[in-house]
Structure formats: structure tokens, C-alpha cells
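Novice: Attaching a single structure in C-alpha cells format; questions to follow.
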Amino acid sequence: MWVAVSILAVGLSAPGAGSAFWDAPPPRGLHRPTAYVLPRGKVEVQFFAFASPTNPLEFFQFEFGLTDSVQVGMRPLSALFGDVQAWGKAQVGTSGPVSLAIPFGLQLLIPIPAWSLHGGWVLSWRVLPFLSLHPGISLVFYPALRMEPYAGVHLDVGRNVKLVLEGGVGPPHFSAGILVWAFDSVRLQIDTPLPTVHLRISVTGRF
């Protein structure tokens with residue numbers, strides 16, 4: 001907890017320090033993907049997460065830039081206990097301030113034979129130098145076809161600090177939070193669902 005608070009303090013007090021979101025757009029907002037992907041060979045590893053109730057199997061997850069337009073990810077600890085979750089995203093293209101990507105994913109439960117297949121699309125549009133929009137649709141193809149629209153709003157309040165609003169339907173949800181880049185390789189996320197306040201904190205390293 002104090003590690004997360006310290007990283008937040010550094011990000012807010014030294015806006016010129018650390019990587020900048022302008023230089024490295026985030027591949028996800030609070031919980032939904034953006035149309036940006038990790039550069040080839042880059043890895044993001046979530047090594048700290050706090051919420052209540054807590055699921056320790058979700059604490060460790062990684063995402064990897066397979067190419068300059070494709071990234072993949074999974075939760076290794078969950079897989080060891082029979083909940084295999086793997087996902088990825090392919091960037092279709094970029095035109096000026098607009099990027100389009102196709103997220104996809106698979107969840108497999110073992111030994112009970114149950115699985116689901118996900119797809120969709122997401123568009124990232126930098127409307128202003130300090131404001132970007134991220135509308136998208138998550139499609140569940142199996143076991144039943146379902147469509148879940150969502151959207152995110154990112155407000156840059158500094159080179160390495162973002163305020164983020166994110167919401168969607170299926171079921172309806174809304175979250176608000178802050179993202180901070182610090183020490184050139186660490187991403188801190190603090191967010192809460194609304195209208196209730198339920199603090200969630202995660203720290204992710206990029207290598």
C-alpha cells in the first residue's frame with residue numbers, strides 16, 4: 001500500500017519524471033483495452049494488486065508485444081489452478097489521431113469442460129492534445145452471443161498522469177481512477193467503481 005502511495009507522490013510531484021503517456025500510450029485504461037499495443041519485445045507485468053475481496057490468482061499477469069501491431073497476455077497463476085485466461089489485441093491501423101484495434105480472448109475452465117471466446121473492436125481517438133476517447137464493443141461468441149459496448153475518457157493532467165473515466169453495459173458499470181507513469185518503467189493505477197467507493201490499486205512494470 002505504501003509503495004503505491006509513494007509512486008503516486010512521485011508522479012504527481014515530478015510531472016517531468018518517468019515515461020510519458022504521450023510517448024507510450026497505455027494499451028489499456030482502467031480495465032478495458034485501448035487501441036494501442038505494446039511495442040515489439042516489451043513486457044508489462046502486474047506485480048502488485050490490492051482490492052477487497054482479494055483474488056490472489058489475479059495478482060500476477062503479463063502482456064507481451066509480439067510484433068509492433070500484436071500483443072498477447074495471460075494469467076499464469078490462474079492457469080495452474082485450472083482457470084486458463086489468455087487474450088491479445090491486433091492493431092488494425094492508425095490514421096492521424098485515430099487508431100483501431102481488435103481485442104480477442106479465450107477462457108477455459110479445467111477439469112470442468114467450460115470455455116468462452118471473446119472478440120470485438122476498440123477505437124482510440126486523441127480529440128485534443130490532452131483528451132482522448134476510447135469507445136469499443138466486446139463480443140462474446142461462445143457459449144452465447146453477447147455484445148457489450150463500453151467507452152473510456154482519458155484526460156492528461158501531466159506528461160505522466162492521467163485521469164480516467166470508464167463505463168459500459170452488460171452489466172452496467174462505471175469507474176473513475178488515476179494512472180501514473182513513474183521511474184521510467186512503473187505504472188500505478190488507483191480506481192474505484194461508482195457510485196459506491198471501493199478502492200482498487202495495482203502496480204505494473206514495463207520492461
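Novice: Mind checking which residues of segment 39-65 are among the hydrophobic types (A, V, I, L, M, F, W, C) and either out of contact with any Gly (no Cβ under 8 Å at 6 or more places or on another chain) or at pLDDT below 85 (or both)?
Specialist: If the condition is that a residue be among the hydrophobic types (A, V, I, L, M, F, W, C) and either out of contact with any Gly (no Cβ under 8 Å at 6 or more places or on another chain) or at pLDDT below 85 (or both), then Phe47, Phe48, Ala49, Phe50, Ala51, Leu57, Phe59, Phe60 are the ones that fit.
Novice: Only residues that are modelled with pLDDT of 90 or more and either part of a strand (DSSP E or B) or within 14 Å of Arg32 (Cβ to Cβ) (or both): list them for segment 156-168, please.
Specialist: Passing the criteria: Asp156, Val157, Val161, Lys162, Leu163, Val164, Leu165, Glu166, Gly167, Gly168.
Novice: When only residues in segment 1-38 that are in contact with a strand residue (DSSP E or B) (Cβ under 6 Å, 6 or more places away or on another chain) and of a type in the set (S, T, N, Q) count, which is modelled with the highest pLDDT?
Specialist: Thr34
Novice: Output the number of the condition that Asp184 fails; it satisfies all remaining conditions of (1) of a type in the set (Asp, Glu); (2) more than 23 Å from Arg75 (Cβ to Cβ); (3) crowded, with 20+ Cβ neighbours inside 10 Å.
Specialist: Among (1) of a type in the set (Asp, Glu); (2) more than 23 Å from Arg75 (Cβ to Cβ); (3) crowded, with 20+ Cβ neighbours inside 10 Å, Asp184 violates only (3).
Novice: Residues in segment 66-82: is at least one exposed (fewer than 15 other Cβ atoms within 10 Å of the Cβ), modelled with pLDDT of 90 or more and within 22 Å of Arg187 (Cα to Cα)?
Specialist: yes
Novice: Let me ask something additional. Cβ contacts < 6 Å: first residue over 28 Å from Ala20 (Cα atoms), restricted to segment 183-198; second residue assigned to a loop (DSSP other than H, G, I, E, B) and at pLDDT 90 or above, any location; separation 6+ or different chain. Result?
Specialist: none
Novice: In segment 182-203, which residues are under 19 Å from Phe60 (Cα atoms) and outside any loop (DSSP other than H, G, I, E, B)?
Specialist: If the condition is that a residue be under 19 Å from Phe60 (Cα atoms) and outside any loop (DSSP other than H, G, I, E, B), then Val186, Arg187, Leu188, Gln189, Ile190, Asp191, Arg200, Ile201, Ser202, Val203 are the ones that fit.
Novice: Right, here's the next one. For the structure I just gave you, tell me whether Ile112 is of a type in the set (Val, Ile, Thr), surrounded by 13 or more Cβ atoms within 10 Å (Cβ to Cβ), within 24 Å of Arg75 (Cβ to Cβ) and at pLDDT below 95.
Specialist: It is false that Ile112 is of a type in the set (Val, Ile, Thr), surrounded by 13 or more Cβ atoms within 10 Å (Cβ to Cβ), within 24 Å of Arg75 (Cβ to Cβ) and at pLDDT below 95.
The values are calculated or read from the model by the stated rules, or taken from the named source; none is laboratory data. Remember, predicted model here, so these are calculated numbers, not experimental data. Here the Cβ is made from the backbone with ideal geometry for all residues, glycine too, and neighbour counts use every protein chain on show.
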